[in-house]
Amino acid sequence: MSERPVLAVEDLTMHYSIKAGAVRAVDGVTFSIERGQALGLVGESGSGKSSIAMTLLRLLPDNAQILRGKILLDGVDIVPLSEERMREYRWNRISMIFQAAMNSLNPVYKVGEQIIEALEAHLESAREESIERVRRLYDVVNLDPGLIVRYPHEYSGGMRQRAIIAMALACEPDLIIADEPTTALDVIVQDHILREMRSIQAELDMSMIYISHDMAVIAEVSDVVGVMYAGKIVELGGTADVFHSPIHPYTRSLMSAFPSVTGKKRELGTLTGEPPNLLDPPEGCRFHPRCPYATDVCSNQEPPKVRRGNHWAACWNPQGE
Amino acid sequence: MAVSDSPPTAPRSLWAVRAALAARSFKQSWSMFRGTRIGIIGLAIILFYLLLAAAHPILMNTVWDEKIYDPVVGYAFDETRQPAPPSWSHPLGTDPLGRDVLSQLMYSARSEFMLGLLAALITVSIGTTVGAVAAYFGGVVDTVLMRLADIMIMLPGISVLIVLSALIGVEHFELALIIGILSGFGGTGVVLKSQALSVVVKPYIEAARAAGGGPVHIIFVHIVPNLLPLSFLYMMFTVTGAIFSEAVLSFLGLLNVRMSWGLMIHTTESAGYLLQVGEYWWLIFPASLSITLLCSSFYLVGRSLDEVVNPRLRRS
Amino acid sequence: MTLDIAKLVPSLDSRILLKVEGLRKYYRATANRFRRNRGLIHAVDGIDFEVAKDESLGLVGESGCGKTTTGKLLVRLIDPTAGRILLNPGQQQPTDIATLKGKPLKAFRRKVQIIFQDPYESMNPRRTIFDTVAEPLKVQKMGGTLEHLDRVSHMLELVGLTPPSTFLFRYPHELSGGQRQRVAIARALIVEPAFVVADEPTSMLDVSIRTGVMRLMEELAARLGIGYLYITHDLAVARYVCDRIAVMYLGKIVEVGETEELLQRPKHPYTQALLSAVPVPDPTFTRPPVRIKGGVSVPVDPPDQCRFYSRCPLADDFCRDNPHPPLEDKGAGQLAACYKA
């Protein structure tokens, strides 16, 4: 594990400028992923988790600016790269499974054609070679190769999601970012897809970033978990550490509010208030207005990182221990 | 997303609260409208013509002698030859029949407005109702209304007006009615129906039905208000269309009206001055420029309303 | 006609609020390039259940199983193909909702209300919160405007939007998702219904807000004696809000039972598969593999055999040759429709 991480993000800060001011969507985010590792980013709507994904791929709208920070992909900072250079990285080195990807297939082209097109744009391979490759990809994601020449509407939701995963795998990237990959799917299909993604990841020794609002999905698929709140990672550590001994009060309340079908039926926790407006986030710790443990210092000073082994949280009043 | 002005809190009287809410929403729309610039230009032109229209009766009652300045039966005794070029007493000259052009222009402005707004009002009332009813009921009602719309769209508007004016003598009111029906049951109705279709599938329509709301309640409380911004926009475009059609018909001498901008050009044409524009510019220029300006002003206002309306629709 | 029904079911428990018998909804499938024969979609295919006063019955299933259709049938947003929906079946004159028309239908709408999933789309963006919540009162002609103002304020307070005066004249887009869902609850409860269909009311809310809304619905049910049909795809949520759970598959109820009992000891193979597929928020927990394959299909002219036959790990020739199994008691009051369980 001493080799260079596949992805290292340092102090990444990204704002959207709108009429009313700057929306601080991603604010000083730092993390890294080793080869073969799966990082889960969990957070509620508006916590900036999808914005991180778009920033990592440099697929940002015109009104977004990366203000600070580095995105080191295998040691190369991709923030200052030109759009042309970036295009070489996208798909080849880093690819993505979008939220609602099921609907991102073009309805008027055969699904196989769409994957071949993506392949040819990046690999300059011969057509026969590409077709052979798509056949193998379909095998990997457990789709009948006969479906290659079918149109998207002839696929079910789960099949479409598999095709999208095949497309993301097409160029054998080092890193795949999956943004809510199973949110629109039923649980049984979700189970199949998640299991497949995990086995493919292990087989190809790929790195993954899973982004989800669903704590249970994150718990099952990731080795390392980052908890996001209002544009910041507030807690990061090994999945078992974060889930079993959370440090940050926000993580604790998320855990206690999340229902489970197994285990003893416990009282569900709840949080007062609403997530902050990122145009004008609270001073100090962004969670302090909703935090049951908040003290004076929380409201005016940025919280320090509290470390416990490989697990840290940004909090003035760390919990547990 | 939060609005900076806080809404009125204590319910003093329901009407006061509603008025305050309306005022707040108007203020927001107005500030957006102001930001569009072209809308302001359009509004300025409209205001200018409104002033002209309003000033005419005042001038007639005070400084202008009725015998000389009446737009229809007046005669410029003070000029030796007709048409007379612009002078101090006749700023835009006189027409071939010796009538004051400025007076005609101002007098016509009023009827142009009346015609345009009436046609627009009829169009929008019919179009909104047709759109909402077709979208809500669907099935046979929808089919009948949409086939009717196809017929209305296929009818060549100007030709129909020509035939009708030959048959029944069309005046401004009839013209407004015909334009309103053609466009309300036709194009405008179809556009508003497609908008209404996106409204009827919203869960709040189901919620209203679950509450016991009947078709009338749902159409007029839920669907129509959500169509209004778009129909207001179409109102502006109808005004443009109405003024333009009127000009064409009067120019062809087919309209039974006392005076209008189109009729002014018609008079010029029938007196044989149309091809001597360079020499007798005041016979053509004021009327045609007015038609162009007023038509485009409503169009500009419509365009900028479009900008005001659309982002809001997207947001809600 | 209502008298006949009273004779037919004279001894029903007076605690039963709603009784559904043989409810069906068939649709004509739309013909297209791929489906020439316009078969019948059996969206809801003969279901029976009861809901007691202040009980919450969860209706759980995957998308396309007919749970939302069932909800809409109960509030008569759509008309059933067959079956009876009896309100207050224990009373002398129960109402059969399934066949109501005109004035009685409008009056019935006071008794049964619905809460929708999407808090953003279920409110007219051009109407204030007051207008939205007061709408049922207005269309039912219950009192004048001033009375509406009183009742709406009181209701907003009850759902935790306090002080009500700061919410009355706001527009939906000025409220957060959680606040909007509270408004939706207020609108449903303002006419004091006896029964409420809640169609995924919390599935679009963030976790931290969800519990509050769930708890509010529970509290109000207990306080106002309301019965719920709680439609959800999320078994974990159902565990916390429902007293009993009914699992639906392709238009049929395949299992019903007390919540904990059903979750701990599921009898039907589909319920077992569904349960084992739910991810668990505990990284050290390893779920057993899900034993069924494929996805839910559309029930167009389904053959007369167990609906789950093609995906069932237990299925044998008996299941193939016999009609869809009836719901049978499998112990502890738990009913399952399976020959093998």
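The values are calculated or read from the model by the stated rules, or taken from the named source; none is laboratory data. Given the structure is predicted, the values throughout are model-derived calculations rather than measurements. Cβ placement follows ideal geometry from the backbone for every residue including glycine, while neighbour counts extend to all protein chains displayed.
Applying the selection to the stretch A:136-146, what residues are in contact (Cβ under 8 Å) with a residue 24 or more places away in the chain and within 14 Å of chain C (Cβ to nearest Cβ)?
A:Asn142 - this is the single residue of the stretch A:136-146 that is in contact (Cβ under 8 Å) with a residue 24 or more places away in the chain and within 14 Å of chain C (Cβ to nearest Cβ).
Taking A:Ala20 as meeting all but one of (1) more than 24 Å from A:Gln190 (Cβ to Cβ); (2) modelled with pLDDT of 90 or more; (3) among the aliphatic types (A, V, I, L, M), write down the number of the exception.
All conditions are met except number (2).
So that you can scan it fast, the table gives a plain yes or no per residue for (1) more than 14 Å from chain C (Cβ to nearest Cβ); (2) out of contact with any Lys or Arg (no Cβ under 6 Å at 6 or more places or on another chain); (3) over 19 Å from A:Lys232 (Cα atoms); (4) free of Cβ contacts under 8 Å to residues at least 40 places away in the same chain:
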position	(1), (2), (3), (4)
A:Asp27	yes, no, no, no
A:Phe31	yes, yes, no, no
A:Leu39	no, yes, no, no
A:Gly46	no, yes, no, no
A:Ile71	yes, yes, no, no
A:Glu83	yes, yes, yes, yes
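Among the residues of the stretch C:156-172, write down those that are within 27 Å of the chain's Cα centre (by Cα) and farther than 21 Å from A:Thr270 by Cβ.
Taking the stretch C:156-172 first, the residues within 27 Å of the chain's Cα centre (by Cα) are C:156-161, C:172.
Within the stretch C:156-172, just C:Pro172 meets the criteria.
Restricted to the stretch C:97-116, and to residues that are at the interface with another protein chain (Cβ under 8 Å from one of its Cβ atoms) and assigned to a loop (DSSP other than H, G, I, E, B), which residue is surrounded by the most Cβ atoms within 10 Å (Cβ to Cβ)?
C:Phe116
Among the residues of the stretch C:76-83, is there at least one that is at pLDDT 90 or above, more than 10 Å from every other protein chain (Cβ to nearest Cβ) and either more than 24 Å from C:Tyr26 (Cβ to Cβ) or not in a loop (DSSP other than H, G, I, E, B) (or both)?
The answer is yes, given that some residue of the stretch C:76-83 is at pLDDT 90 or above, more than 10 Å from every other protein chain (Cβ to nearest Cβ) and either more than 24 Å from C:Tyr26 (Cβ to Cβ) or not in a loop (DSSP other than H, G, I, E, B) (or both).
Would you kindly identify the strands (runs of 3 or more DSSP E) lying entirely within the stretch A:205-311 that contain at least 1 residues that are away from every other protein chain (no Cβ under 13 Å) and of a type in the set (Asp, Glu)?
Output list reads A:232-238.
Hey, does the stretch C:278-286 have a residue that's surrounded by 14 or more Cβ atoms within 10 Å (Cβ to Cβ), assigned to a loop (DSSP other than H, G, I, E, B) and away from chain A (no Cβ under 11 Å)?
At the first step, the residues of the stretch C:278-286 found to be surrounded by 14 or more Cβ atoms within 10 Å (Cβ to Cβ) are C:278-283, C:285.
Subsequent filtering for residues that are assigned to a loop (DSSP other than H, G, I, E, B) retains C:278-283, C:285.
Keeping just the survivors that are away from chain A (no Cβ under 11 Å) gives none.
The answer is no; no qualifying residue exists.
Against the definition (at pLDDT 90 or above and either surrounded by fewer than 17 Cβ atoms within 10 Å (Cβ to Cβ) or more than 22 Å from the chain's Cα centre (by Cα) (or both)), how does C:Ile129 come out, yes or no?
Criteria met by C:Ile129.
Any idea which of C:Thr162, C:Thr145 is modelled with pLDDT under 90 and over 22 Å from A:Pro275 (Cβ atoms)?
Step by step, each of C:Thr162, C:Thr145 is checked, and only C:Thr145 is modelled with pLDDT under 90 and over 22 Å from A:Pro275 (Cβ atoms).
Is there a residue being among the polar types (S, T, N, Q), in contact with a helix residue (DSSP H, G or I) (Cβ under 8 Å, 6 or more places away or on another chain) and part of a helix (DSSP H, G or I) anywhere in the stretch B:247-265?
The answer is yes; a qualifying residue exists.
Report whether or not A:Asn106 is part of a loop (DSSP other than H, G, I, E, B), within 13 Å of A:Cys171 (Cα to Cα) and in contact (Cβ under 8 Å) with a residue 24 or more places away in the chain.
In short, no.
Might you let me know whether the stretch B:279-288 holds any residue that is over 30 Å from C:Val197 (Cα atoms) and among the polar types (S, T, N, Q)?
yes
Every residue in the stretch C:68-88 that is touching a Ser or Thr at 6+ places or on another chain (Cβ under 9 Å) and crowded, with 19+ Cβ neighbours inside 10 Å, please.
C:Pro80, C:Arg84, C:Ile85, C:Leu86, C:Leu87, C:Asn88
Just need a number here: residues in the stretch B:167-225 that are small (Gly, Ala, Ser), assigned to a helix (DSSP H, G or I), away from every other protein chain (no Cβ under 14 Å) and surrounded by 19 or more Cβ atoms within 10 Å (Cβ to Cβ).
The qualifying residues number 6.
Output the number of residues of the stretch B:226-246 satisfying the condition of being within 14 Å of chain C (Cβ to nearest Cβ), under 13 Å from the mean Cα position of the chain (by Cα) and either of a type in the set (Lys, Arg) or surrounded by 21 or more Cβ atoms within 10 Å (Cβ to Cβ) (or both).
Counting residues in the stretch B:226-246 that are within 14 Å of chain C (Cβ to nearest Cβ), under 13 Å from the mean Cα position of the chain (by Cα) and either of a type in the set (Lys, Arg) or surrounded by 21 or more Cβ atoms within 10 Å (Cβ to Cβ) (or both) gives 1.
Scanning for something part of a loop (DSSP other than H, G, I, E, B) and closer than 30 Å to A:Leu72 by Cα, does the stretch A:139-146 turn up at least one residue? Before the answer, list the steps.
The first filter runs over the stretch A:139-146 and keeps only residues part of a loop (DSSP other than H, G, I, E, B), leaving A:141-144.
Filter once more, keeping what is closer than 30 Å to A:Leu72 by Cα: A:141.
Yes, the conditions are met somewhere in the stretch A:139-146.
Of the residues in the stretch A:162-197, how many are more than 9 Å from every other protein chain (Cβ to nearest Cβ), outside any loop (DSSP other than H, G, I, E, B) and not charged (D, E, K, R)?
Adding up the residues that qualify gives 13.
As an exercise: evaluate C:Arg126 against (1) more than 9 Å from every other protein chain (Cβ to nearest Cβ); (2) basic (Lys, Arg); (3) assigned to a loop (DSSP other than H, G, I, E, B) and give the number of the one condition it does not meet.
All conditions are met except number (1).
For every residue, the table says whether it meets (1) closer than 30 Å to A:Ser17 by Cβ; (2) touching a Pro at 6+ places or on another chain (Cβ under 9 Å); (3) surrounded by 24 or more Cβ atoms within 10 Å (Cβ to Cβ).
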{"residue": "A:His248", "(1), (2), (3)": "yes, yes, yes"}
{"residue": "A:Ser256", "(1), (2), (3)": "no, no, no"}
{"residue": "A:Glu267", "(1), (2), (3)": "no, no, no"}
{"residue": "A:Gly273", "(1), (2), (3)": "yes, yes, no"}
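So for the stretch B:247-264 (the condition being within 14 Å of chain C (Cβ to nearest Cβ), crowded, with 18+ Cβ neighbours inside 10 Å and touching a residue at least 60 places away in the same chain (Cβ under 8 Å)), does at least one residue qualify? Give the steps one after another, and end with the answer.
Filtering the stretch B:247-264 for residues within 14 Å of chain C (Cβ to nearest Cβ) gives none.
Within the stretch B:247-264, not a single residue is within 14 Å of chain C (Cβ to nearest Cβ), crowded, with 18+ Cβ neighbours inside 10 Å and touching a residue at least 60 places away in the same chain (Cβ under 8 Å).
In the set A:Leu60, A:Leu81, which member is among the hydrophobic types (A, V, I, L, M, F, W, C), surrounded by fewer than 20 Cβ atoms within 10 Å (Cβ to Cβ) and closer than 18 Å to A:Met228 by Cβ?
A:Leu60
If the requirement is being away from chain A (no Cβ under 14 Å), free of Cβ contacts under 8 Å to residues at least 40 places away in the same chain, closer than 29 Å to C:Leu17 by Cα and among the acidic types (Asp, Glu), which of these qualifies: C:Glu157, C:Glu219, C:Glu192?
That would be C:Glu157, the only listed residue that is away from chain A (no Cβ under 14 Å), free of Cβ contacts under 8 Å to residues at least 40 places away in the same chain, closer than 29 Å to C:Leu17 by Cα and among the acidic types (Asp, Glu).
Kindly indicate whether any position in the stretch A:210-227 is surrounded by fewer than 20 Cβ atoms within 10 Å (Cβ to Cβ), polar (S, T, N, Q) and on the phi < 0 side of the Ramachandran plot.
The answer is no, given that none of the residues of the stretch A:210-227 is surrounded by fewer than 20 Cβ atoms within 10 Å (Cβ to Cβ), polar (S, T, N, Q) and on the phi < 0 side of the Ramachandran plot.
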